[in-house]
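> Sending over a structure as C-alpha cells; questions will come in a sec.
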Amino acid sequence: MKDQGSFIDLRLNNQDKQGNESFWPSFTDVMTVIMMIFLISMVVVLLRNMELVKEIRATMEAERQAVELARSTGAEKENLASQLDTALEQLQAADTRVNELQLQVMRLQEQNSVRARAVADRDRQLQTLLEERNNLTQQAAQLMLDKQAADQAVVAAKEKETLSRRQLADFQQQYAQMKEQLDRQSLQIAVLKSKLQNQEQQLAATREERQTVEEKYLVLADQYDNLKVRYDKLIRPARSSKGRHLVEVRYFKQGGKRHIEWRDGSSGEFKAVSRSQLDKALTALKQQQKDGLYIKVILPENSGLSYSEAWKFTNDLHKKYDYYFQESPDKPTETP
C-alpha cells in the first residue's frame, strides 16, 4: 500500500495500481478504523453516563432536602389547616343562621303596620349580623397568617351566636303566634266554603228547575205553533213567496256573539247588520211593497243558537214583517 498524504487509500479500484499488495493488510486497516470508532463511541458514552450520574446525585440530594423541608413544615401546616377548618365550620354555621334570620325577616315584613317598628329593628340587627359575618370572613382569611387574630374572631363569633340564638327563640315564638292566627282564619274559610257549596247546590237546583220550565214552555209553544199552522191551513191558503217580495235573513252565533246578515231578494251578497238596522230596513220595505214581504229566516248548521233563541227570533220577524203572520184589522189578535 502506498502512503497518500498520511491516509490509507481504501478505494476499490486501487487494486489495479497495487496489484502486488495482499488483501489482508487492507482488511486489517479497515478493522483498525472500526475499532477506533467503537472506542471513541465508548468514551463518549462513558462521559455522558458520568454526567447523568452527577445529575441524578444532585436530584437525589434536592429530593432529600425537600423531604426534610416538608417534614419540618408538615406540623405547622396541619395545625394551620385544623384551625382553618374550625373557623370555616363556624363561619358556615354563622351563614346558616344568617340565612334563617333573613327568611324570618321576609316573613315578618308581611305583618301589619303595628309591627313595622319591630321589623325595622330586626332589619338593623340583621344588617349588623351581616357586617359581623363579613368581619368573620376576613378574619378567617387572615387566620393562615395570624393564629392569635383567628382565635379572637372565634370568641367573638361564639358571643354573637348566643345573641343570634336568643333572637331566633323570639322569632320562633312570634311565628307560633302567627301560625295560631292562620289556623283560626283557615277554620273560618272552611266554614265559608261550606256555606258557599250549599248555596251553589241550591243555585244548581234552581237552574235545573228553570231549565225544566223553559223546556216545557218551548214544548207548549211548539204545540201552539203547530196548532196555529193547522188552523191557518184550514181557513187560509198555504204560505208562499209567490207574488211577494222575498227577503232572506241569516241568523247565527259566533264567538259568543249573535250575528245577523240579510239580503233583498234571492241573489246578491249578504250584508251584516244590527237588529235595529234590520228593523229599520224591513219597516221601509214593508211600507214600499203593497203585496207584503216574505221573510225567509236561514239558520246555518252549527249556528250555536238554542231552540228558544232561534224560535224567538224567527217568530218575532214573522209577526212584525211577514205577510202571512200579519193580523187583519177586523180580526182580534190571538194570544198563546
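The values are calculated or read from the model by the stated rules, or taken from the named source; none is laboratory data. Bear in mind the structure is a predicted one, so any value in this text is a computation, not a measurement. Every residue, glycine among them, receives a Cβ derived from its backbone with ideal geometry; neighbour counts consider all protein chains shown. To get the accessible areas, we keep the full protein, side chains included, count just its heavy atoms, and leave off ligands, DNA and RNA. Shrake-Rupley method; radii C 1.70, N 1.55, O 1.52, S 1.80 Å.
> Checking the table Lys242/Lys320; Lys193/Lys253; Lys77/Lys158; Lys54/Lys77 against a 31 Å threshold on Cα-Cα, which pairs fail?
On the way: Lys242/Lys320 19 Å; Lys193/Lys253 36 Å; Lys77/Lys158 25 Å; Lys54/Lys77 33 Å.
Over 31 Å Cα-Cα: Lys193/Lys253; Lys54/Lys77.
> Explain nothing, just the number: relative contact order of the stretch 208-300, from Cα pairs under 8 Å at least 6 residues apart, as a whole percent. Mind showing how you got there, number by number?
Numbers: 90 pairs, mean separation 27.3, N = 93.
It comes to 29 percent, rounded to a whole number.
> Can you give the accessible area per residue of the stretch 259-329, in Å², using a 1.4 Å probe? Mind dumping the intermediate values first?
Details: 4390 Å² over 71 residues.
For the stretch 259-329, the per-residue accessible area is 62 Å².
> With every protein chain left in place and a probe of 1.4 Å, what is the accessible surface of Arg207, to the nearest 10 Å²?
150 Å²
> If the chain between Arg184 and Val44 were fully stretched, how many nm would it gain, using 0.36 nm times the residue separation less the Cα-Cα distance?
Numbers: separation 140, 0.36 × 140 = 50.40 nm, distance 9.99 nm.
Gain on extension, Arg184 to Val44, equals 40.4 nm.
> Something else about it: What distance in nm separates the two pseudo spin-label positions at Leu220 and Ala205, each 7 Å out from Cα along the beta-carbon direction?
So the two model labels end up 2.4 nm from each other.
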